[in-house]
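**Student:** The structure is given below, and queries will be raised subsequently.
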């Protein structure tokens, strides 16, 4: 099946300069949004990181009967959450995401207060140590130098916070576990007061999932995600140089970098979040765009052998026209599948599908207008090693002669 007639002669190379200027402008804008936004988080187009990369707590709540989001925001204002912390999820008005950057939500301040209070009341000699993981945990272990009545200790701590729980440690001697009510517990309590209960006395909402990622872990995941993209581009540079010619490799890598940065820019402008699935989508874009580019490069190499005396720009144009039908058919069928995923895949897959949608479109463009013209642009520094038909025949004879020997 062909949607482009054989013999089509579109002058792709002739349009390379204005399109190169457009690509530089768009990719430069994307890079500015990503870099400047990472420095100034108040920038309107700064990249938004999900819990995977920023750290924090994300609670997915389902309200089967539905409720206006303003009611939830008003109810959660009592525990210090603002409107930005509560977002609707999906299109039904029954699911909501509650996000807070700090995963222990006030536990650090409370534990420090407990430590200071116990040391002030009992003296430093009465307590051996106070252990908790700042910014990460809602549990603290306190170790006493002598046995204590747990009911008395619990009463002292509950006078400071009524919801705190105290239990004897099963690991250390004379140690006690103090549990501070975290964000999830507070959200449940506030939602129960806002939404009430059903006739059976059960809560009229359901906590579907709770994700907690510490800030250190989030930063490490973000670093590794960027590293995976950089390493993939470096390995592709080596592969293309080995598979074709060194003159082909920079064009392929620049085209892939162009696709990734453009997709990142679209996410910044639209305010979509970067998560681990988004990194997976970017790596998928790299693979898809490389496949398109390799098909074009392979035809260019074939035509360089067939027409060694033709101008390189003419050979590239011929190759692009010959592969245009295949390029468009592959892209259109992929776009149809990704569009279906965006429409019917649900909110969880929507950002992943959006990244693929943008990446496939821009990847098709870059295979034609970025990767191939760069071969021509780099001729001054990286000339293409053209293997003529006579060269191939001579090498074949030499190989056969060596085999007979």
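The values are calculated or read from the model by the stated rules, or taken from the named source; none is laboratory data. Keep in mind it's a predicted model, so treat the numbers as computed, not measured. We place every Cβ from the backbone using ideal geometry, glycine too, and count neighbours over all the protein chains shown.
**Student:** What about residue 290, is it surrounded by 15 or more Cβ atoms within 10 Å (Cβ to Cβ), touching a residue at least 24 places away in the same chain (Cβ under 8 Å), closer than 20 Å to residue 15 by Cβ and within 21 Å of the chain's Cα centre (by Cα)?
**Tutor:** Working: surrounded by 15 or more Cβ atoms within 10 Å (Cβ to Cβ): yes; touching a residue at least 24 places away in the same chain (Cβ under 8 Å): yes; closer than 20 Å to residue 15 by Cβ: no; within 21 Å of the chain's Cα centre (by Cα): yes.
No.
**Student:** For segment 107-135: of the residues being within 30 Å of residue 213 (Cβ to Cβ) and in contact with a helix residue (DSSP H, G or I) (Cβ under 8 Å, 6 or more places away or on another chain), which is surrounded by the fewest Cβ atoms within 10 Å (Cβ to Cβ)? If you could, list the steps in order and put the result at the bottom.
**Tutor:** So in segment 107-135, the residues within 30 Å of residue 213 (Cβ to Cβ) come out as 107-116, 129-135.
So of that shortlist, the ones also in contact with a helix residue (DSSP H, G or I) (Cβ under 8 Å, 6 or more places away or on another chain) come out as 110, 113-114, 130, 132, 134-135.
Values: 110: 21, 113: 13, 114: 21, 130: 17, 132: 22, 134: 10, 135: 15.
Filtering first and then ranking leaves 134.
**Student:** Given the criterion surrounded by 11 or more Cβ atoms within 10 Å (Cβ to Cβ) and under 30 Å from residue 370 (Cα atoms), identify the matching residue among 62, 26, 97.
**Tutor:** Numbers: 62 fails: under 30 Å from residue 370 (Cα atoms); 97 fails: under 30 Å from residue 370 (Cα atoms).
When all the criteria are applied, what remains is 26.
**Student:** Which residue, of 256, 283, is in a helix (DSSP H, G or I), in the same structural domain as residue 331 (by TED's automatic domain parsing) and either without any contact (Cβ under 8 Å) to a residue 24 or more places away in the chain or surrounded by fewer than 17 Cβ atoms within 10 Å (Cβ to Cβ) (or both)?
**Tutor:** On the way: 256 fails: either without any contact (Cβ under 8 Å) to a residue 24 or more places away in the chain or surrounded by fewer than 17 Cβ atoms within 10 Å (Cβ to Cβ) (or both).
Only one candidate passes the filter, namely 283.
**Student:** Further, regarding this structure: Are any residues in segment 146-164 touching a helix residue (DSSP H, G or I) at 6+ places or on another chain (Cβ under 8 Å) and either within 30 Å of residue 69 (Cα to Cα) or part of a strand (DSSP E or B) (or both), and if so, which ones?
**Tutor:** Selection gives 161, 163, 164.
**Student:** Being modelled with pLDDT of 80 or more, surrounded by fewer than 18 Cβ atoms within 10 Å (Cβ to Cβ) and within 23 Å of residue 113 (Cα to Cα) is the filter here; which residues of segment 176-222 pass it?
**Tutor:** Correct list: 177, 179.
**Student:** Name every residue in segment 51-77 that is part of a loop (DSSP other than H, G, I, E, B) and either farther than 16 Å from residue 95 by Cβ or at pLDDT 85 or above (or both), in order of residue number.
**Tutor:** So in segment 51-77, the residues part of a loop (DSSP other than H, G, I, E, B) come out as 55, 63-68.
Answer for segment 51-77, where residues must be part of a loop (DSSP other than H, G, I, E, B) and either farther than 16 Å from residue 95 by Cβ or at pLDDT 85 or above (or both): just 55.
**Student:** Could you check segment 12-48 and list, in sequence order, the residues that are free of Cβ contacts under 8 Å to residues at least 60 places away in the same chain, under 21 Å from residue 276 (Cβ atoms) and part of a helix (DSSP H, G or I)?
**Tutor:** If the condition is that a residue be free of Cβ contacts under 8 Å to residues at least 60 places away in the same chain, under 21 Å from residue 276 (Cβ atoms) and part of a helix (DSSP H, G or I), then 38 is the only one that fits.
**Student:** Restricting to segment 78-99, give me the number of residues that are modelled with pLDDT of 80 or more and either over 15 Å from residue 184 (Cβ atoms) or in a helix (DSSP H, G or I) (or both).
**Tutor:** Qualifying residue count for the region: 4.
**Student:** While we're on this one: Any residue in segment 108-137 that is more than 13 Å from residue 174 (Cβ to Cβ) sitting within a Cβ distance under 7 Å of a residue that is at pLDDT below 85 and part of a strand (DSSP E or B)? List the pairs, counting only those 6 or more apart or interchain.
**Tutor:** Between residues of segment 108-137 that are more than 13 Å from residue 174 (Cβ to Cβ) and residues that are at pLDDT below 85 and part of a strand (DSSP E or B), the close pairs are 132/139.
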